[in-house]
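The values are calculated or read from the model by the stated rules, or taken from the named source; none is laboratory data. Computed from a predicted model, the values in this text were never measured in an experiment. Cβ placement follows ideal geometry from the backbone for every residue including glycine, while neighbour counts extend to all protein chains displayed. Heads up: the accessible areas ignore ligands, DNA and RNA and are worked out on the full protein's heavy atoms, side chains in. Shrake-Rupley method; radii C 1.70, N 1.55, O 1.52, S 1.80 Å.
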Amino acid sequence: DAGVTQSPTHLIKTRGQQVTLRCSPKSGHDTVSWYQQALGQGPQFIFQYYEEEERQRGNFPDRFSGHQFPNYSSELNVNALLLGDSALYLCASSLGTDVSTDTQYFGPGTRLTVL
Amino acid sequence: QKEVEQDPGPLSVPEGAIVSLNCTYSNSAFQYFMWYRQYSRKGPELLMYTYSSGNKEDGRFTAQVDKSSKYISLFIRDSQPSDSATYLCAATNSGGSNYKLTFGKGTLLTVNP
C-alpha cells in the first residue's frame, strides 16, 4: 500500500506567481484534506474535499483553491503568492469526512518557498 | 487565544526517562483528542486517540484528557532515541460535520542515548 503521496517534494516560487500542488490519497480513501504548516507551527486546516466538492474551509483567503478528481486525487492551487505562503503543505486522506472517527493519514508534504 | 495551546519546547531528556507532553484547549465543544508524531521532513502520523475524559494506554504511551481543566497529556515511558520527533496534539468537535482537526504548535522532543 503506497500511502498518501504528494508532489512535488520541494518548490521555489517568486511573489505573485501561482502554484499547484498534488496529492494522491491512500488506496481506498475518498476524502482529502489540506493543511498548511508554517515553520515552528502546527498544521492549519485549509479545506476538505469529498465527492469532488469542498466540504469545509478554514480561515484562508480565496487565493487558495482546490479540486478533487473522480479518482479521489486532489490539487491545491495558490494564486498571487505571498512571502507568508512559504510553508509545508500537507495532504491528509481518510475514508469518510468525520475526522473524529475517520483517521486521517498524512502525506510527507510539499515544501513551498516563496522568494 | 488559540484554541489549542502547546509549549513548543524544545525538550531534551536522557534515554529511559519518562516524558510528559502537555496541551491546553479553550473550545468546550472539543470531545476527541489526538496525539500525532512528526519526524523531521515527514508528515504527522497518528499516535494516540482519546474520546472525552480519561486515560488510554498503548505500550509505552499513555494519553490523558481532563475535560474539567481542558488539559491534554501524553506520557512516554522508557523513552528511546527513536522517540525523538515533534509531538502534536489535536482536537475536534463531536457530532456531524467534523471536517477539521485543530492542532497545537507541537513540542520538539530529543531523547539522548
How much of the accessible area of segment A:5-95, in percent, comes from carbon and sulfur atoms when a 1.4 Å probe is used? 48 percent
Quickly work out the residue B:1-to-residue B:41 label distance, labels modelled 7 Å from Cα along the C-beta direction, and quote it in nm with one decimal. 4.0 nm
For segment A:1-110, accessible area per residue (1.4 Å probe, heavy atoms of protein chains only), Å²: 46 Å²
So what's the Cα pair-distance distribution over segment A:1-111, bin width 5 Å, in %? 2, 13, 24, 27, 19, 10, 4, 1
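Normalising by the residue count of chain A, find the relative contact order in percent from Cα pairs under 8 Å and 6+ residues apart.
Averaging sequence separation for qualifying contacts and normalising by length gives 36 percent for chain A.
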At a 1.4 Å probe, what is the % contribution of carbon and sulfur to the accessible area of chain B? 47 percent
Show which aspartates and glutamates lie in cross-link reach of residue B:42 when reach means a straight Cα distance below 20 angstrom and same-chain residues fewer than eight apart are skipped. A:1, A:75, A:85, B:83
Å² of accessible area per residue within chain B, as computed with a 1.4 Å probe and no ligands counted: 47 Å²
Label points 7 Å out from Cα along the Cβ direction at residue B:80 and residue A:14: separation in nm? 4.9 nm
May I ask for the longest run of chain A untouched by GluC sites (Glu not before Pro) that are loop-located per DSSP and have at most 12 neighbouring C-beta atoms (other than their own) within 10 Å? A:53-115
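Over the Cα atoms of segment B:4-112, Rg to Rh with Kirkwood Rh, two decimal places?
Dividing the radius of gyration by the Kirkwood radius yields 0.96.
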Would you mind giving the total buried accessible surface between chains B and A, with a 1.4 Å probe and ligands, DNA and RNA left out, rounded to the nearest 100 Å²? 1800 Å²
Expressed in angstrom and rounded, the centroid-to-centroid distance over alpha carbons for segment A:66-113 and segment A:1-40 is 5 Å
